[in-house]
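Trainee: Structure provided below as structure tokens; questions to follow.
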Amino acid sequence: MSLAPINNYTPIDLNEELVIPKIISIHYFEYSKDYAFSGEAHDFWEFLYVDKGEVGVAADQAHFNLHQGNIIFHKPNEWHNVIANGTIAPNLVVIAFECHSPAMSYFENKILHITQSMKVLLSTIVSEAYEVYSSDLGDPSLKMLEKNSPQKFGGEQIIKICLEYLLIELVRANQTLKCTNKLPSSIKEHATHYKLDIIINYLKDNLYNTVSLDDICKDTLLSKSTLQKAFKDTLGISVMEYYRNLKIEEAKKMIREGANNFTQISDALGYNSIHYFSRTFKNVTGMTLSEYSKTLQLNK
């Protein structure tokens, strides 16, 4: 006796916000301190990520200085160049690709900051490219990637997935700020939110370090007054209060994971002493470290 197929399952179509059908080029450049590229324009997307050092970049009529951790996107037909500063020899990742998804408009005229998880995606793309392609990824004159034969199984698909994932994460990371549900109504507002993007990503990248207000200003190229005003006007707290709160949220997560004791967590998050860490934790949460830990036991 044969059984009739059960057809009461209904598949759904998956939304794909950013689809990359073709890769044009993948480069990892280790340039000299005096490198200068005269510029070009082309009908596909390209981004440049500063892995080490710093460079000057032009995009049409605008000029920017990019530092380690910055990524800039060039939209199709936008003229652009790159110039080393004559002091620091930069390492750059440059990836060009086709993408006709409307969501790509988000990246127009954008300089963003890469988080640690995004660096992993970029690293995976570059390492897979070395395996999949026989071309010299450090050759700036490369016009077409040559595939290895036989090719590493799934390599190009991993590149595609990681690149799409990276773009999605960049959009998400810069949509999580408070008060950004509506598009800014003025250039001034837009500039404020852009500054917040840079600062918050920087703070998240340095959760396990100890940075001062001076460090933040130096590394984000923002003045103290600009930096403080952006936070106070939008989030209602100071930069250092926000940084403190991020650290305490990370501490709570580490306590929940149970892999480290209080002293180890304090050390990992860059506190000078367990006593200062304990006092800060209570000021932020209203509970001592032990009290918070006990609530977790009650909730099991």
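The values are calculated or read from the model by the stated rules, or taken from the named source; none is laboratory data. Because the structure is predicted, anything quoted here is derived from the model rather than measured. Cβ sites come from the backbone with ideal geometry, for glycine too, and all protein chains shown count toward neighbours.
Trainee: Does any residue of segment 206-216 turn out to be crowded, with 16+ Cβ neighbours inside 10 Å and over 19 Å from HIS67 (Cα atoms)?
Mentor: Checking segment 206-216: at least one residue is crowded, with 16+ Cβ neighbours inside 10 Å and over 19 Å from HIS67 (Cα atoms).
Trainee: Can you list residue pairs whose Cβ atoms sit under 7 Å apart, with the first residue in segment 95-108 being in contact (Cβ under 8 Å) with a residue 60 or more places away in the chain and the second being among the acidic types (Asp, Glu) and surrounded by fewer than 17 Cβ atoms within 10 Å (Cβ to Cβ)? Count only pairs 6 or more apart in sequence or on different chains.
Mentor: SER101/GLU17; ALA103/GLU17
Trainee: For segment 254-297, which positions are without any contact (Cβ under 8 Å) to a residue 24 or more places away in the chain and among the aliphatic types (A, V, I, L, M)?
Mentor: MET254, ALA259, ILE265, ILE274, MET287
Trainee: Would you pick out the residues in segment 75-110 that are within 18 Å of the chain's Cα centre (by Cα), more than 21 Å from TYR31 (Cβ to Cβ) and either assigned to a strand (DSSP E or B) or not assigned by TED's automatic domain parsing to the domain that holds ALA41 (or both)?
Mentor: Answer for segment 75-110, where residues must be within 18 Å of the chain's Cα centre (by Cα), more than 21 Å from TYR31 (Cβ to Cβ) and either assigned to a strand (DSSP E or B) or not assigned by TED's automatic domain parsing to the domain that holds ALA41 (or both): there is none.
Trainee: Anything in segment 133-155 that is aromatic (Phe, Trp, Tyr) and touching a residue at least 24 places away in the same chain (Cβ under 8 Å)? List them, or say none. Spell out how you get there, then give the answer.
Mentor: Let us first name the residues in segment 133-155 that are aromatic (Phe, Trp, Tyr), namely 133, 153.
Within segment 133-155, TYR133 is the sole residue that qualifies.
Trainee: If you don't mind, another one. Exactly one condition in (1) in contact with a Gly (Cβ under 8 Å, 6 or more places away or on another chain); (2) without any contact (Cβ under 8 Å) to a residue 24 or more places away in the chain; (3) of a type outside the set (A, V, I, L, M, F, W, C) is false for ASP205; which is it?
Mentor: Going through (1) in contact with a Gly (Cβ under 8 Å, 6 or more places away or on another chain); (2) without any contact (Cβ under 8 Å) to a residue 24 or more places away in the chain; (3) of a type outside the set (A, V, I, L, M, F, W, C) one by one, ASP205 breaks only (2).
Trainee: Might you let me know whether segment 93-104 holds any residue that is under 15 Å from ALA58 (Cβ atoms), of a type outside the set (Val, Ile, Thr) and touching a Phe, Trp or Tyr at 6+ places or on another chain (Cβ under 9 Å)?
Mentor: No, there is no match, as no residue in segment 93-104 is under 15 Å from ALA58 (Cβ atoms), of a type outside the set (Val, Ile, Thr) and touching a Phe, Trp or Tyr at 6+ places or on another chain (Cβ under 9 Å).
Trainee: Scan segment 40-61 for residues that are farther than 17 Å from PRO90 by Cα and touching a residue at least 12 places away in the same chain (Cβ under 8 Å) and jot them down.
Mentor: GLU40, ALA41, HIS42, ASP43, PHE44, TRP45, GLU46, ALA59, ASP60, listed by residue number.
Trainee: Going residue by residue through segment 200-223, is there one that turns out to be outside any helix (DSSP H, G or I), of a type in the set (S, T, N, Q), within 14 Å of the chain's Cα centre (by Cα) and at pLDDT 80 or above?
Mentor: Within segment 200-223 (the criterion being outside any helix (DSSP H, G or I), of a type in the set (S, T, N, Q), within 14 Å of the chain's Cα centre (by Cα) and at pLDDT 80 or above), the answer is yes, since at least one residue qualifies.
Trainee: If you don't mind, there's one more thing I want to ask. I'd like the full set of residues that are loosely packed, with under 15 Cβ neighbours inside 10 Å and closer than 26 Å to ILE168 by Cβ, limited to segment 14-41.
Mentor: Residues satisfying the conditions are LEU14, ASN15, GLU16, GLU17, VAL19, PRO21, LYS22.
Trainee: Right, next: Can you tell me which residue in segment 15-40 is modelled with the lowest pLDDT, limited to those that are assigned to a loop (DSSP other than H, G, I, E, B) and farther than 24 Å from ILE125 by Cα?
Mentor: Result: LYS33.
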